[in-house]
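Contents: one structure, followed by commentary.
Read-outs throughout are calculated quantities, based only on the coordinates presented, and are distinct from any laboratory measurement. Remember, it's a predicted structure, so these values are computed and weren't measured experimentally. Positions of Cβ are backbone-derived with ideal geometry, glycine not excepted, and every protein chain shown enters the neighbour counts.
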Amino acid sequence: MESSKFPLKKTDRGFTELSPGAEQRPGQYRYGDLPLAGAGVAPAYDSLLDYWQILIRHRMTLLGFVLVGLLGALAISLLQTRVYRARTSIEIQDFNANLLDLKGVDPSNSSGSYVTPESYMETQVKVLQSESVLGRVIDKLNLHAERPATGWRIFKMLKTSQVPEKEELIRQAERNLTVRLSGNSRLLELLYESPNPQVAADFANTLVSEYIEQSQEMRWKSTQRTAEWLTGHLDEMKAKLEQSEAQLQDYVATSGLSLTSDKENLAENALKQIQDELSKAQADRIASQAKFEEAKSKPADSVPEILEDPTMRDYRQKLADLQRQYADLSATLTPEHYKVQRVQAQITELQFEMLQERTNVQRRIGNEYEAALRREKLLSQADAEQEKIVASQSSKAIHYDTLKREVDSSRQLYEAMLQRVKQASLATAMRASNVLVVDPAKPPLLPYRPSFPINSAIGLLGGVFLGFGFVLLRERVDRRISAPGDAQIYLELPELGVIPLDDAAVSGRISDGSQPHRSTPELHPGSALKPPLGDCPELATWKRKPSLVAECARTTLSSILLPTHDGGCPQVVVLTSPSPGDGKTTVSCNLSVAMTEIGRKVLLIDGDLRKPRLHKVFGVANSWGLSDVLWSESPIETVPISHLVSETEVLGLRLLPAGSCGGSPANLFYSPRMSRLLKRLRKEFEMIMIDAPPMIHLADARVLGRLADGVILVIRAGQTTTESALFASQRFAEDGTRVIGTVLNSWDPTSNRHYGYGSYANYQDAVEDGSKQ
């Protein structure tokens, strides 16, 4: 297609007028603007899903760390010395220290002085770990000769101070020995580790036997010392007892004391008997005196002795019977009747007998009182006489009692000590033990260390943690945006789509022997001929419609055409990138072609006036273009649209090249003609896409963004850094320019299956097969 021949005059004057919509503050746009160091921020992982995605992206690296950790753990396990652990258990019962009643005699016996049973068990644990017991085991097993010669030489070389060999063996045994309680029971568990399984079992069994033997020896020695001490003091107690008895017998012989066979004083015994009898006589006399006085002061019939006398009781019964008969007879007979007189005579006789019996009872009470009084006087006289005798012997009796008590205490102490000596002699002959072996140690079949499962688990976990840390560190150090979703996390902008790497075009160029860059053949200025359109990635949507690149371009276009909050769609869109080489031209071309496929009239403007490329891609001349229109003084509203834009072989797509006119692009874009040009083009086309230069080093994209409906930021996978992308996004935000979203370009689907379709080659074949059908 020939370029437009519309005559426009060009001038060299610069534009100083700014359109109202493009008014900017002085000094806001600088060609040397660069992102500050640290302008980017660290990625914010807000959920576990973010970490999961990181792990999926770097799963091979993580798997490598896991394998290295596992292999390292296995290698270390293979290099480690095999250590075997032998186990034995014992039960410590309560020792009956008072079996022979020696608990209170032996001052060294402290088995009952523990506050709690737990303290006693803990003491036994310390005894088992003591150097004395371990030394006995080492001597009995002769471990001096079995010590490895190589290790001993190394120890000799490394030790800084001279340590005896046996002491070093004891220290090693302490490190290898473990003694622990089994809960709240009286069981102790002994564990010993050694490179030799037989040595481990022998050491554990020997330790138990030596512990039992040592406890027996200590108990036997303690009992033996007690028996020797008691035997030595027994003779002294016997001599003291004999001396006390001799002194007592001599005093009895010289003092003239009369003693019974039980060594008691006869005079004191007689006095005691007289005093007892005197007390009884006084009691009898008082009782008789009370009866006598009562009999004298009361009527005879009210005296208890008379009332309780059996004879008087019979008389009273007979008298009552006779009086009843007399009353019966008097009722029917006269007093002169012989029956009445006979009964009267019997009553008179009985009353006389009762009077005599009452007199006898009173006389008997008086006799008893006189007898008791005489006996009391006699006993009082005897007591006085016996007291005189006892008083004369009291001083002698006191001394005698003192000597006798001393003899008795000496005899009791001697007998008790004699009993203790016999018990101690019996205990010395006994060798009892309160330790029972529950499980004797056996040589273990499998080593305790190294544990391949545990070491493997540690290696796996270590590899996982190291790998995860390395991945997170690389995520923070590697500031490049590499996968879909990264830009949305860093920039907080919607990701419109992903354009995969066009492997077909790259491989084709490499196979032809050319460099794998995406430039088209250079056209001579002013040439009206179009070169043949090559198989370049910029036209993949047109040349290879069933390709994955074309499908992704159509998907991205769908995101762009979604209506906004006000119900409209962007008509003028600027496509730019943070840095050169990000593929903004490739994205703009494919999106423009995809737009034509839905029947829209599309205009693609080459806004990169410094390095134009669109005329090469579509094979049109660059002798007339955007810069020429902006420099021209002809009214834009009157110029036919066919003279402003060039047609392309893509149906529905028009192109406005960059043009060949020089000058400052920023000044051209500040020109009011740029805004009028876009206003004219909005009426002619349904979609206008502007391929703008990279915006970090140049201000062109920022100026064009203020004139457009929105900006699309193109990011190249594995090349664009988060700092540069964030810097570009912040600049547009400061300008008040709407950023529609980002497009990830040149992403390799085979590098990360999590975001791909499982197999890129299979999907590509499926798409091509579907298009053929």
* In nm, to one decimal, how far is the modelled label at F452 from the one at L466, with both set 7 Å along Cα→Cβ? -> 2.1 nm
* Between V68 and T348, with labels modelled 7 Å along Cα→Cβ, what's the label distance in nm to one decimal, could you check? => 15.8 nm
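Can you give the Kirkwood hydrodynamic radius for region 543-686, in Å, rounded to one decimal and based on Cα pairs?
Roughly 16.1 Å, rounded to one decimal.
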* Along the positive direction of the dipole of region 658-718 (beta-carbon charges: Lys, Arg +1; Asp, Glu -1; about the Cα centre), which of G718, I696, F669 reaches farthest? -> F669
* **Restraint check, K126/K422; K280/K388; K543/K679; K545/K683; K291/K377, Cα-Cα greater than 27 Å** => K126/K422; K543/K679; K545/K683
* List the residues of region 701-732 whose backbone N lies under 13 Å from a point placed 7 Å from the Cα of R738 along the Cα-to-Cβ direction. => 706-712
* **Interchain or long-range residues, amide H under 5 Å from R716's placed H** => N745
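Say R0 is 25 Å: what FRET efficiency, to the nearest 0.05, do E649 and R600 get from their beta-carbon distance?
Details: r = 17 Å, r/R0 = 0.68.
Step by step, r from the Cβ atoms, then E = 0.90.
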* **DSSP-assigned coil residues among trypsin sites (Lys or Arg not before Pro) in region 602-692, each with at most 15 further Cβ atoms within 10 Å** => R610
* Find, among the GluC sites (Glu not before Pro) in region 303-361, those assigned to loop by DSSP (not H, G, I, E, B) with at most 10 other beta-carbon atoms within 10 angstrom. => E308, E336
* Asked: At a Förster distance of 56 Å, what's the computed FRET efficiency of Q224 paired with E277, Cβ-Cβ distance as r, to 0.05?
  -> 0.35
* Structure fact -> Once both label points are put 7 Å beyond Cα along the C-beta direction, the L473-Q129 separation in nm becomes 3.9 nm
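Subtract the Cα-Cα distance of Q249 and H337 from 0.36 nm times their separation in residues, and report this length gain in nm to one decimal.
Numbers: separation 88, 0.36 × 88 = 31.68 nm, distance 9.46 nm.
Additional length available on full extension: 22.2 nm.
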* **FRET efficiency, T638 to R59 (Cβ-Cβ, R0 56 Å, nearest 0.05)** => 0.35
* Determine the relative contact order of region 536-677: mean sequence separation of Cα pairs under 8 Å and six or more apart, normalised by residue count, in whole percent. => 23 percent
